[in-house]
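Engineer: To start, I am sharing the structure in question, which I have written as structure tokens.
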Amino acid sequence: MKTVSLLRSFRSRNYRLFFSGQAISLMGNWMTTTASMWLAYKLAASPFHVGLVGFATQIPLLVLAPFTGVTGDRLDRRRLLIGLQMCSLVQSASLATVTLTGNMTITVLVGLSLVQGFINAFEFPTRQSFVAEMVDRREDLPNAIALNSSMFNIARLLGPAIAGVLINRWSAGVCYAIDAVSYLPVILSLWMMRVQPRPPRERVTRAWEDFGAGLAYVRAEGGLRRPLLLVAVNALAGFGASTLASVFAGGVFDGNAAMLGHFYSAVGAGALLSAIILGTRTTVDQLRPWIVRGTVLVAASSLVIALSPSVWVAYVGYFVSGTAVVLVMAGSNTLIQARVADDKRSRVMGLFVMAQGVAPIGALLTGWAAAHWGPRLALGLCAAVMAVAAVAFAKPRSAPAAGEPVRPVVGEGTGAPFV
């Protein structure tokens, strides 16, 4: 019975199709992330350029956040997702072609990463919203989101490890080629779905009107404002360890792509642990302590990696980092979703996406600091910022209602690919 309950979303045909296609594609996505970060370090031999690739991949999310969610509300989401997946296929195929023919440069890598960033800026909020249309029973939605989280983190665990082996044996271009092919099952699954058409919106507002209304609402609600600020700070400084993973693997520890893959896999294993922790919380007042602990652990794990005398200590640090970052990001997501009014949900989640979108600025600053002062000191500075954030968030300014139920949304929207 427990297994049936855990997999109850699979009663919906559309969700079964989505899950099977997306599980394959996410593996390819993480292989591409690992390949790009390794290739950036090898092409330029500069931590700054590693951060620049992260910046290019994520900056469209910050710039376009007020508009992309609105697009998904106004267009047919299934058809929009099919088009976006086709664009991603072409982008990955371009990366594979340029790399396998020996024509890849750091400029081309940054440019194609920027293209993928623009695609992701539209695809991410559309896919998140489309989950509700794929389950036949409304009560199965939390379970579908939890299964998405597990799928995402298992892909994060396995994808980088596979990429490390493939890069060492052949090249990063093989990872890109596999990623391109992995989009075909997603496109096919979306094509096979039967989705009921949504009723038209009674009043179509301008994107900036929706954005402004959401901002005003958050300003008036301290219970939303503070977790959003914490998400932004975590996106700025909490992803430093993953941003510099290729620098630590290839430079500090004189390793290879397999070591980088193991770092990312350790992050994924830690993220799975955090999904279990958050998934067992049942009230809002149980969430806040874990978010605070997560913030403290982000600072501690960053410091451990920065000071690590051996790669084995760094592996432990990356595992803890994966647990901690997702505790903060997914925990804050759940806290916000539990408190926001239903008629403001899309607008507030647009602000959440913007807060996550600070990550590219953090990647650029972290890469710059590592290039000028070394990766260990740069990561130590990230740890200091997160320690201050932990102190600031630890003291509640507005107590949550005792026993207020949690809407479980421990989903994959926990940040950038560098989480």
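The values are calculated or read from the model by the stated rules, or taken from the named source; none is laboratory data. This structure is a prediction, so every number in the text was calculated from the model and none was measured. Cβ sites come from the backbone with ideal geometry, for glycine too, and all protein chains shown count toward neighbours.
Engineer: I need the helices (runs of 4 or more DSSP H) fully contained in region 233-309, keeping only those with at least 3 residues that are modelled with pLDDT under 85. So that I can check it myself, show each step before the final result.
Structural biologist: Numbers: elements: 240-243, 257-279, 284-307.
Once the helices (runs of 4 or more DSSP H) in region 233-309 are filtered for at least 3 residues that are modelled with pLDDT under 85, what remains is 257-279, 284-307.
Engineer: Also: Pairs only if they're at least six apart or on different chains, beta carbon under 7 angstrom, first in region 329-352 and over 12 Å from residue 224 (Cα atoms), second modelled with pLDDT of 70 or more and crowded, with 22+ Cβ neighbours inside 10 Å; list them, first residue then second.
Structural biologist: Sorted first by the residue in region 329-352, then by its partner, the pairs are 329/231; 329/234; 330/274; 330/278; 331/278; 331/287; 331/291; 331/294.
Engineer: Quick check on residue 209: is it over 30 Å from residue 299 (Cα atoms), modelled with pLDDT under 70 and part of a helix (DSSP H, G or I)?
Structural biologist: So residue 209 fits the description; yes.
Engineer: Answer yes if at least one residue in region 9-22 is over 23 Å from residue 232 (Cα atoms), in a loop (DSSP other than H, G, I, E, B) and modelled with pLDDT under 80, and no otherwise. Write out each step before concluding.
Structural biologist: Of all residues in region 9-22, those over 23 Å from residue 232 (Cα atoms) come to 9-22.
Checking which are in a loop (DSSP other than H, G, I, E, B) leaves us with 12.
Narrowing the set further to residues that are modelled with pLDDT under 80 leaves 12.
Yes: one or more hits.
Engineer: Please give the number of the condition residue 33 fails out of (1) at pLDDT below 85; (2) in contact with a Pro (Cβ under 6 Å, 6 or more places away or on another chain); (3) not charged (D, E, K, R).
Structural biologist: If we test residue 33 against (1) at pLDDT below 85; (2) in contact with a Pro (Cβ under 6 Å, 6 or more places away or on another chain); (3) not charged (D, E, K, R), just (1) comes out false.
Engineer: I need a count of the residues in region 88-116 that are touching a helix residue (DSSP H, G or I) at 6+ places or on another chain (Cβ under 7 Å) and surrounded by fewer than 16 Cβ atoms within 10 Å (Cβ to Cβ). Steps first, please.
Structural biologist: As a first pass, look at region 88-116 and keep what is touching a helix residue (DSSP H, G or I) at 6+ places or on another chain (Cβ under 7 Å): 88-89, 91-96, 98-100, 104-106, 108-110, 112-116.
Subset that is surrounded by fewer than 16 Cβ atoms within 10 Å (Cβ to Cβ): 105, 108.
The qualifying residues number 2.
Engineer: Do we have any residue at all in region 91-103 that's of a type in the set (S, T, N, Q) and touching an Asp or Glu at 6+ places or on another chain (Cβ under 6 Å)?
Structural biologist: Of the residues in region 91-103, the ones of a type in the set (S, T, N, Q) are 91-92, 94, 97, 99, 101, 103.
Pick out the ones that are also touching an Asp or Glu at 6+ places or on another chain (Cβ under 6 Å) and you get 92.
The answer is yes; a qualifying residue exists.
Engineer: Still on this structure, I have one more. Go through region 156-204 and count every residue that is closer than 24 Å to residue 267 by Cα and at pLDDT below 80.
Structural biologist: Here the count works out to 2.
Engineer: Out of (1) at pLDDT 90 or above; (2) surrounded by 16 or more Cβ atoms within 10 Å (Cβ to Cβ); (3) touching a Gly at 6+ places or on another chain (Cβ under 9 Å), what's the single condition that is false for residue 214?
Structural biologist: Every listed condition holds for residue 214 apart from (1).
Engineer: Let me ask something else. Here are the criteria: (1) at pLDDT below 85; (2) over 19 Å from the mean Cα position of the chain (by Cα). Tell me which single one residue 54 does not satisfy.
Structural biologist: The one condition residue 54 does not meet is (2).
Engineer: For residue 147, state whether it is modelled with pLDDT of 80 or more and over 20 Å from residue 76 (Cα atoms).
Structural biologist: Working: modelled with pLDDT of 80 or more: no; over 20 Å from residue 76 (Cα atoms): yes.
Taking the combined requirement at face value, the residue does not satisfy it.
Engineer: Could I ask something else about it? If a residue has to be assigned to a helix (DSSP H, G or I), farther than 12 Å from residue 174 by Cα and not small (Gly, Ala, Ser) to count, how many in region 83-107 make the cut?
Structural biologist: Of the residues in that region, 9 qualify.
Engineer: Looking at region 335-374 only, could you name the residues that are modelled with pLDDT under 75, in contact with a helix residue (DSSP H, G or I) (Cβ under 7 Å, 6 or more places away or on another chain) and not in a helix (DSSP H, G or I)?
Structural biologist: The one that is modelled with pLDDT under 75, in contact with a helix residue (DSSP H, G or I) (Cβ under 7 Å, 6 or more places away or on another chain) and not in a helix (DSSP H, G or I): 340.
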